[in-house]
Amino acid sequence: MMNNVLRDLDAVLFDLDGTLVETNIDFALMREEMLGVAGEFGVAPESARAMDILAIVEYVCDTLNARGLPERADEARREAMRRLERIELFHSETAREVESAQALIAALRDRGVKVGIVTRNCRRASEISLEASGLGVGFLMLSREDVRNTKPHPDHLMRALEILDARPDRSLMVGDHTMDVEAGKAAGMRTIGLLAPERPRDFFRKVEPDEVVESLREIVDAFVDLDS
Ligand SMILES: [Mg+2]
């Protein structure tokens, strides 16, 4: 089964945070800050509670635009990004490599498989965390500033594959969140969910990735099997 996922790959796209690097970005605080921005700009935060962090920002801007207040919408977006970046940057400097991330990237490069990163984080924080973790910045990386539609929208991944000149059906998306798997499947890619220790065992059940692994080491080992 794993063999079919790894055979004849053009490219592998990775999520960054929680997949290649561990930054301990405080996502709960980010969400609270975004709901705070909603309130400050006169948009009732209640309807945004169930949304993901970046969707809250879009909701606030759309609401203000619909009220005929485009300048306020721009202002809200700038304020939201300023607050998100502050939190992201704070945690990026202490980022650590996720176990076996370097080994997996090396295994892919040995086989001529292209590697890219697709992240909803901002570019600066992403680069800082890649440097701090020792992975370095020699990757194609598309952060949230680089695309109009971020994950879970498949455009984010399709754009990366286009730049890497890789076919979606010959490419693999690896991520630790259900939206990574959703985006990968919507882009027509193969998918692997990386199950973090604190997640429930059935975390990926609804989105049905091709494989679920508990460590990137399992993918490295599967490559060795593939070669033998
Ligand atoms: Mg992640």
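Taking segment 187-210 as the range and being in a helix (DSSP H, G or I) and either under 12 Å from Leu13 (Cα atoms) or not assigned by TED's automatic domain parsing to the domain that holds Thr119 (or both) as the test, no residue passes.
Kindly indicate which of Leu54, Leu84, Leu64 is buried (at least 19 other Cβ atoms within 10 Å of the Cβ), outside the structural domain of Ser171 (by TED's automatic domain parsing) and within 16 Å of the ligand (Cβ to nearest atom). From the options Leu54, Leu84, Leu64, the qualifying one is Leu84. Ala196 meets the conditions (1) within 23 Å of Glu22 (Cα to Cα); (2) without any contact (Cβ under 8 Å) to a residue 24 or more places away in the chain; (3) out of contact with any helix residue (DSSP H, G or I) (no Cβ under 7 Å at 6 or more places or on another chain) in every case but one. The failed one is (2). When restricted to residues that are in contact (Cβ under 8 Å) with a residue 40 or more places away in the chain, surrounded by 22 or more Cβ atoms within 10 Å (Cβ to Cβ) and more than 14 Å from the ligand (Cβ to nearest atom), segment 169-192 contains 4.
Only one entry in Asp165, Asp180, Asp176 is among the acidic types (Asp, Glu), modelled with pLDDT of 95 or more and over 12 Å from the mean Cα position of the chain (by Cα), namely Asp165. Within segment 33-52, being closer than 30 Å to Ala95 by Cα and modelled with pLDDT of 95 or more holds for Glu33, Met34, Leu35, Gly36, Val37, Ala38. Filtering segment 1-32 down to residues that are over 23 Å from the mean Cα position of the chain (by Cα) and of a type outside the set (D, E, K, R), which residue is modelled with the highest pLDDT? Per the criteria, the residue is Asn4. Within the set Asp26, Asp10, the sole residue that is within 16 Å of the ligand (Cβ to nearest atom) and either surrounded by 14 or more Cβ atoms within 10 Å (Cβ to Cβ) or among the β-branched types (Val, Ile, Thr) (or both) turns out to be Asp26.
Of all residues in segment 193-208, those satisfying the criterion of being in contact with an Asp or Glu (Cβ under 9 Å, 6 or more places away or on another chain) and away from the ligand (no atom under 13 Å from the Cβ) are Pro197, Val207.
The values are calculated or read from the model by the stated rules, or taken from the named source; none is laboratory data. Here the structure is a predicted model, which means the values were calculated and not measured. Here the Cβ is made from the backbone with ideal geometry for all residues, glycine too, and neighbour counts use every protein chain on show.
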